Ligand code: 4NP
């Protein structure tokens, strides 16, 4: 299973989702490949935001070695599932899809809801971590059943 997490900058939300799902999958002995990317290219090559690194580290997960990358159309062929954090990400990723098969790989990380962007609000990193963690546990459970 190859999973891609997508947000805007690839320095806050999608690195957390990437790190958490990778951590939980490894813990459960699943041979999954997890990655992340941003619809914007401003932070390409950078490590996650220090606040994201910190909240992950406080919860026992190291995301500091991740590096931001820009979502590319060929990612549709490489990944089995593409999870996006909000509706703008959904619109931006779907705009690059060229077939129903590619579109079907894309879904909101939280069904019918969004992961709020913590970039401009330091106080959101803790609740965003918890939100992503809870949903990651669910996703892993659902994918193991399917
Ligand atoms: P992310 O948060 O999409 O969760 O990585 C953001 C990071 C950077 C910016 C916006 C959102 N930015 O405008 O640089």
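Report whether or not residue 72 is part of a loop (DSSP other than H, G, I, E, B), within 12 Å of the ligand (Cβ to nearest atom) and either under 20 Å from residue 128 (Cβ atoms) or modelled with pLDDT of 95 or more (or both). First the steps, then the outcome.
Details: part of a loop (DSSP other than H, G, I, E, B): yes; within 12 Å of the ligand (Cβ to nearest atom): no; either under 20 Å from residue 128 (Cβ atoms) or modelled with pLDDT of 95 or more (or both): yes.
No, not satisfied.
Looking only at segment 7-21, filter to residues that are near the ligand (Cβ under 9 Å from one of its atoms) and within 19 Å of residue 78 (Cα to Cα); which one of those is surrounded by the most Cβ atoms within 10 Å (Cβ to Cβ)?
Taking segment 7-21 as the starting set, the residues that turn out to be near the ligand (Cβ under 9 Å from one of its atoms) are 7-16.
From the residues that got through so far, the ones that are within 19 Å of residue 78 (Cα to Cα) too are 7, 10, 14-15.
Numbers: 7: 30, 10: 29, 14: 33, 15: 26.
By that ranking, first place goes to 14.
Report yes if residue 89 is touching a strand residue (DSSP E or B) at 6+ places or on another chain (Cβ under 6 Å) and surrounded by 17 or more Cβ atoms within 10 Å (Cβ to Cβ), otherwise no. For residue 89, the condition - touching a strand residue (DSSP E or B) at 6+ places or on another chain (Cβ under 6 Å) and surrounded by 17 or more Cβ atoms within 10 Å (Cβ to Cβ) - is met.
Taking segment 95-127 as the search range and keeping residues that are away from the ligand (no atom under 15 Å from the Cβ) and part of a strand (DSSP E or B), which one is farthest from residue 80 (Cα to Cα)? It would help to see each step written out before you state the result.
Just the residues of segment 95-127 that are away from the ligand (no atom under 15 Å from the Cβ), to begin with: 95-107, 111-113.
Filter once more, so that each one left must be part of a strand (DSSP E or B): 106-107, 113.
On the way: 106: 9, 107: 11, 113: 21 Å.
Result: 113.
For segment 22-35, indicate whether the set of residues that are more than 12 Å from residue 140 (Cα to Cα), at pLDDT 95 or above, near the ligand (Cβ under 9 Å from one of its atoms) and over 10 Å from the mean Cα position of the chain (by Cα) is non-empty. There is no residue in segment 22-35 that is more than 12 Å from residue 140 (Cα to Cα), at pLDDT 95 or above, near the ligand (Cβ under 9 Å from one of its atoms) and over 10 Å from the mean Cα position of the chain (by Cα).
Screening residue 97 on (1) buried (at least 17 other Cβ atoms within 10 Å of the Cβ); (2) touching a strand residue (DSSP E or B) at 6+ places or on another chain (Cβ under 9 Å) shows it passes everything except condition (1). Kindly indicate the residue of segment 46-66 that is within 15 Å of the chain's Cα centre (by Cα), in a loop (DSSP other than H, G, I, E, B) and within 13 Å of the ligand (Cβ to nearest atom) and also farthest from residue 133 (Cα to Cα) among those meeting that condition. Among residues in segment 46-66 that are within 15 Å of the chain's Cα centre (by Cα), in a loop (DSSP other than H, G, I, E, B) and within 13 Å of the ligand (Cβ to nearest atom), the one farthest from residue 133 (Cα to Cα) is 47. Only residues that are surrounded by fewer than 17 Cβ atoms within 10 Å (Cβ to Cβ) and closer than 13 Å to residue 12 by Cα were counted across segment 105-122, and they come to 4. May I ask you to list the residues in segment 36-45 that are out of contact with any helix residue (DSSP H, G or I) (no Cβ under 6 Å at 6 or more places or on another chain), within 10 Å of the ligand (Cβ to nearest atom) and not in a loop (DSSP other than H, G, I, E, B)? Within segment 36-45, 38 is the sole residue that qualifies.
Is it the case, given these coordinates, that residue 4 is within 16 Å of the ligand (Cβ to nearest atom), at pLDDT 95 or above, closer than 20 Å to residue 124 by Cβ and surrounded by 16 or more Cβ atoms within 10 Å (Cβ to Cβ)? Criteria not met by residue 4.
The values are calculated or read from the model by the stated rules, or taken from the named source; none is laboratory data. From a predicted model like this one, the values you see are computed outputs, not experimental measurements. All Cβ positions, glycine included, derive from the backbone under ideal geometry; neighbour counts span all protein chains shown.
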